[in-house]
Amino acid sequence: MTATKRTTPLAGLGHVPWPDIKDSTGSAAAIPSLLITLARGDADSAGPALGQLRRRICQFGFVVDQATAATVPFLWELVRLPQVTCRAEILRLLKSIADARQWETTAATYPKLHHHPDDYVGWEREARHAVHAQRDVLRQLQREPEPDAEMVRATTELAATLDG
């Protein structure tokens, strides 16, 4: 009998220098614990954890930060896990990140922003690229047996954003 190798969810968290990168609060050191809380699948703690994560990586639903691009692959990993109770909300967060153009729009009016020590425009582009890089996950989600209506809607909305 061959043993099936199981991978631990979010195993790559330790490969990101979270304390050295910034989120909207300063250090992004708290992001791994928020992601781990989401992975556990406890509905009571998932909502508050996702709310905190959203404020840290996509504040106001449209302002991304340095830690956003590093967080996106873990969000994609979470939406693949059936035990995660807020998968549709994570897809909506990914859609917000993909739609983010705050810094790019501001830099079009104020080009000096391109020379700011913090690379806001670059962070925004990297975050959008990270969302687009794993768009094939949407096809997997669309093939799930018996998907709930909220997941179908969130998947369809994100797919439309990424195709547009």
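The values are calculated or read from the model by the stated rules, or taken from the named source; none is laboratory data. Since this is a predicted model, take the numbers as computed values, not measurements. Reconstructed Cβ throughout: ideal geometry from the backbone, glycine too, with neighbour counts over all protein chains shown. Calculation scope for accessible area: heavy atoms of the full protein, side chains included, ligands and nucleic acids excluded. Shrake-Rupley method; radii C 1.70, N 1.55, O 1.52, S 1.80 Å.
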Distance (nanometres) between label positions extended 7 Å along Cα→Cβ at residue 104 and residue 139: 2.4
query: So what's the chain giving for Rg/Rh, alpha carbon basis, Kirkwood Rh from the mean inverse pair distance?
result: 0.99
query: Solvent-accessible area per residue for the chain at a 1.4 Å probe radius, Å²?
result: 55
- prompt: How many percent of the accessible area of the chain is carbon or sulfur, using a 1.4 Å probe?
  reply: 53
query: Okay, helix-only estimate at 222 nm for the chain: each DSSP H run of n ≥ 4 adds -39500 (n - 2.57), divide by all residues, round to 500 deg cm²/dmol; what do you get?
result: -18000 deg cm²/dmol
query: Which residues in the stretch 15-32 place their backbone N less than 19 Å from a point set 7 Å from the Cα of residue 45 along the Cα-to-Cβ direction?
result: 29-32
query: What is the Cα centroid distance between the stretch 87-128 and the stretch 6-82, reported in whole angstrom?
result: 17
query: Most mobile of 130, 149, 39 per a Gaussian network model of the chain (Cα springs, under 10 Å)?
result: 149
- prompt: Tell me, what is a quarter of the convex hull surface for the C-alpha atoms of the stretch 8-87, in nm² with one decimal?
  reply: 4.7
Most to least accessible of 68, 105 (protein chains only, probe 1.4 Å): 105, 68
query: Anyone know which of 84, 152, 121 comes out most mobile in the 10 Å Cα GNM of the chain?
result: 152
- request: Apply 1/(1 + (r/R0)^6) to the Cβ-Cβ distance of residue 59 and residue 129, taking R0 = 22 Å, and write down the FRET efficiency to the nearest 0.05.
  value: 0.70
